[in-house]
Amino acid sequence: MRVFIILAEIFIFIYGIKLLRILGKPEYLILLYFLNPFTIIELTGNLHWEGVMACLMLIGVYHFICYDRIKSPIYLGLGILLKLLPVMILPLLLKGLKWKKMLFFFAILSAVVAIGFVPFLSTELFEKYSSSVGLWFGTFEFNASIYYVMRAIGFLLVGYNAIAIVSKILPPIIFTSIIGLAAWRKNQYPEILLGSILFSFTILLFFSTTIHPWYLTIPLLFSIFTKYRYMIVWSLVVFFSYSAYAHPEYQENLGLIGMEYVIVIGWLFYELLKKPRKVHKPTKNIHI
């Protein structure tokens, strides 16, 4: 398992440099991911396969930006087979595809996913997939931000943990936000597309009930291709959440979690509100 994860990290390094060259950004920026203590500890060390999924996503997005509408859906489809999260970026790709190209692109992606699932097709598969998603949103709680605020308000209003109610509110917010990014941002331009991918996963993290540290892998990787560095900060302070394991009953230290999100959200707003040193107008789109 570790060999596969290390190989994925090597491919991330190679394709990360290629994408940075296309964007005209310094190649050393890939080191913000490749040599990040978070990446080394959580992926190579703790054997979380988010790194492999991030690798497949990165290669798929790279080929999309390079106009390769065959390799791109193949790699994105493989990423979806590994974990479902790459599905989130599919609406963001629509502005970079003309009608016929769109049908061809999604036909290839669907074929890859279908072929991968065929050996395992059963009613039990769909039941377990849906139940696992339901558990993630409706039962598990760890290192959350907005959800913990809503949970506290729920205790004040109804006197008990209202996760059953809140968990039904959060997914529509996430879905609507991603559709908004797909509709209103100019994702036919590479840098804007990469920023939209970053923001989509940021929204998912902020509105989720469970945020294990390794969930930061994808937005951390894609942040290095943008001007935003709040994910670098988050990759450092996310380890505050491990304070829960200092207690026999795995009790979270809400003070440390609060500090984590104050730092991250504060840095995010600083980057969103600060005036750019140089106005950069995208000159090349990916619409063919």
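The values are calculated or read from the model by the stated rules, or taken from the named source; none is laboratory data. Note that this is a predicted model, so its numbers are computed, not measured. Quick reminder, even Gly has a Cβ in these numbers, built from the backbone with ideal geometry, and neighbours come from all protein chains shown.
What to note about this one:
- Qualifying residue in region 23-30 (condition: over 23 Å from TRP184 (Cα atoms), surrounded by 20 or more Cβ atoms within 10 Å (Cβ to Cβ), in contact with a helix residue (DSSP H, G or I) (Cβ under 9 Å, 6 or more places away or on another chain) and modelled with pLDDT of 95 or more): yes
- Some residue of region 191-214 being surrounded by 21 or more Cβ atoms within 10 Å (Cβ to Cβ), within 24 Å of GLY51 (Cβ to Cβ) and touching a strand residue (DSSP E or B) at 6+ places or on another chain (Cβ under 7 Å): yes
- For region 214-237, the criterion of being of a type in the set (A, V, I, L, M), over 25 Å from GLU27 (Cα atoms), under 14 Å from the mean Cα position of the chain (by Cα) and not in a loop (DSSP other than H, G, I, E, B) is met by no residue.
- Residues located in region 189-213, provided they are part of a loop (DSSP other than H, G, I, E, B) and more than 15 Å from LEU23 (Cβ to Cβ): PHE207, SER208, THR209, ILE211, HIS212
- Residue within region 146-157 that is modelled with pLDDT of 90 or more, under 23 Å from the mean Cα position of the chain (by Cα), not in a helix (DSSP H, G or I) and not aromatic (Phe, Trp, Tyr) present: no
- Cβ pairs under 7 Å, 6+ apart, first in region 78-106 and touching a residue at least 60 places away in the same chain (Cβ under 8 Å), second of a type in the set (Ser, Thr, Tyr): MET88/SER200; ILE89/SER200; LEU92/SER196; LEU92/SER200
- Close pairs from region 154-178: first within 15 Å of ALA144 (Cα to Cα) and charged (D, E, K, R), partner loosely packed, with under 15 Cβ neighbours inside 10 Å and modelled with pLDDT under 85, Cβ under 9 Å, at least 6 apart: none
- Each residue in region 46-73 was checked for being of a type in the set (Phe, Trp, Tyr), at negative phi and surrounded by fewer than 22 Cβ atoms within 10 Å (Cβ to Cβ), and 2 of them qualify.
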